[in-house]
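The values are calculated or read from the model by the stated rules, or taken from the named source; none is laboratory data. Predicted model, so just to flag it, every value in this text is computed and none were measured. Cβ: placed from backbone, ideal geometry, glycine included. Neighbour counts: every protein chain shown.
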Amino acid sequence: MRKLTADYIFTNNEAPIHQGVVIEENGKILDILHSREGVSDLETFEGFITPGFVNAHCHLELSHLKGVSDSGKRLVPFLLDVVSKRDMDDKIIMDSIAKADQEMREEGIVLVGDISNGSDTAKIKEQSSILYHTFFELFDMMRETPDIDASLATKISDFEMMPSPKSFVPHAPYSVSTQLYEKINNLNPEGVVISIHNQETLEEDKFFIEGKGDFRKLFETFGAELPANIPVGYSSAQYWSKFFKEEQALCIVHNTFSSAEDIKFIQEKFPHAYWVTCPNANLYIENALPNYQLFDFERMAIGTDSLTSNWQLSILDEMKVILKLNAYLNFEDVLKWATINGARALKQDGFGSLELGNSPGINLIKNVDVEKVAIKKGSVVEPLN
Ligand SMILES: [Zn+2]
C-alpha cells in the first residue's frame, strides 16, 4: 500500500484537493484523503496527481512513418504520402510499434482508441499494460463492390486477431460507400463505440457540397471514378450522420473545420457522441485548430493521431498546445478532456477518475505552477504506478 501526496490531487469527482492524499495498492485506489496532516508513511511529491491519460485517437501501426510526410502539406497530399510510403520492412514496422507503445506508457497514457487497417499491432496490444480499443478501419473510396463479403474476408480475419475491445469503423466521410456503412453497422454488435475522421480539412466540405477541390484529385490519383452521388449539396457531417442511429456511441475525430451549425446538429442528434481533438496533428497537417468555443466541453476528448502527423505521442503535450493557444480554457477543464471524457468516449468507466476500487493509472505532473493551478511549458509527466 502506498500513500501519495502532492500539491494538488485531481480526482475528477470533486474540486482539486490541496495537499490531499491518494492511498493505492498495485494501482487500485483505496482511499482519497482531504488532508495529509497526521498521515504516516507518506510519499510526498511536488506537482499535481491526476488519473492516467486517455489517448482517444492514435494509429499505432503508422509509427514507422515518422517524418515521412513533411508538415504543412495539407490533408490530401499527406494521405497520398501515407498510402504510397507505408510499406516497409516488417522489423522496422514492428520495432516502431513497440517503441510507440513504450513512449505512450512513459507519457502516462493508460487507455488508447487506436485505428488499425491490419493486424500488425495485435501482439503489442496483447502484451502492453495500456488498454487499447481497436477501431478496425474500413474504406472503399465510396465504390460499391459486387461481392462485399469476399472483398472483406482478409479484413475480417485480421480483425479477429485483435484483442478486445474492438469495433469496425468507417475511415472518413469521403472514403466509405453506402453499402460499406451498412456492412459496418451489421458487423458491429449493438452498443459498441465507433470512430470517424471528420472535417479535418476545408476541402472535405468542398467535395460534399460542390464536388470540387483536392478530394477530386485524390479520386483521380487512385484511378477511382467520382461517386455518382457527389456532390450531395450539404456538409460532410450532415452526410455521414445519416448512416447511424441516434444511440450510436461515436468518437468524432479532428473537426478542425466543423461549422457551428454542424456541431450543434451532431450534438443534438447523437447524445453519446464525443469530439476528439488532435491539435498537434492539425497543426502538423493543416496548420489550423478547431474553434473549441463552439463545442460542448463535456464532450471533448484528446488524441495524438499517429507519429506520421505528430512530433511525439504525448497527451500532456497536446494539453500544452490547447492551453497555450486558447487562454480562455484552464488546466482543470482540459485535464477532463485528457482523462474522464476520453474514458467515457471509449466507454471504459474504470478509467479517467481516481474512483475508489478502480485502477485508472496515477500520474504525477511535475514542474507546474502551483499558485495558478496550471501547467507550464516545461511540465513533465511521470506515471506513479
Ligand atoms: Zn487519424
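Annotations for the structure displayed:
Yes or no, residue by residue, for (1) crowded, with 20+ Cβ neighbours inside 10 Å; (2) part of a helix (DSSP H, G or I):
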residue: Val110; (1), (2): yes, no
residue: Glu126; (1), (2): no, yes
residue: His133; (1), (2): yes, no
residue: Met141; (1), (2): no, no
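- Hits in the range 204-234 - residues which are buried (at least 22 other Cβ atoms within 10 Å of the Cβ) and either modelled with pLDDT of 95 or more or small (Gly, Ala, Ser) (or both): Glu204, Asp205, Phe207, Phe208
- The range 241-261, residues that are under 26 Å from Pro279 (Cα atoms) and either surrounded by fewer than 21 Cβ atoms within 10 Å (Cβ to Cβ) or of a type in the set (Val, Ile, Thr) (or both): Gln248, Ala249, Ile252, Val253, Thr256, Ser259, Ala260, Glu261
- Subset of the range 287-315 [under 11 Å from the mean Cα position of the chain (by Cα) and either in a strand (DSSP E or B) or more than 16 Å from the ligand (Cβ to nearest atom) (or both)]: Met300, Ala301, Ile302
- Candidates Lys324, Lys336, Lys269, Lys264, filtered to the one that is buried (at least 19 other Cβ atoms within 10 Å of the Cβ), in the same structural domain as Val68 (by TED's automatic domain parsing) and among the basic types (Lys, Arg): Lys336
- Residue identified as in contact with a helix residue (DSSP H, G or I) (Cβ under 9 Å, 6 or more places away or on another chain), more than 16 Å from the ligand (Cβ to nearest atom) and basic (Lys, Arg) among Lys91, Lys85, Lys66, Lys73: Lys85
- Failed condition for Ser151, given (1) under 20 Å from Thr277 (Cα atoms); (2) surrounded by fewer than 22 Cβ atoms within 10 Å (Cβ to Cβ): (1)
- Condition broken by Tyr284, with the remaining ones in (1) away from the ligand (no atom under 12 Å from the Cβ); (2) closer than 23 Å to Leu75 by Cβ; (3) surrounded by fewer than 24 Cβ atoms within 10 Å (Cβ to Cβ); (4) within 18 Å of the chain's Cα centre (by Cα) satisfied: (1)
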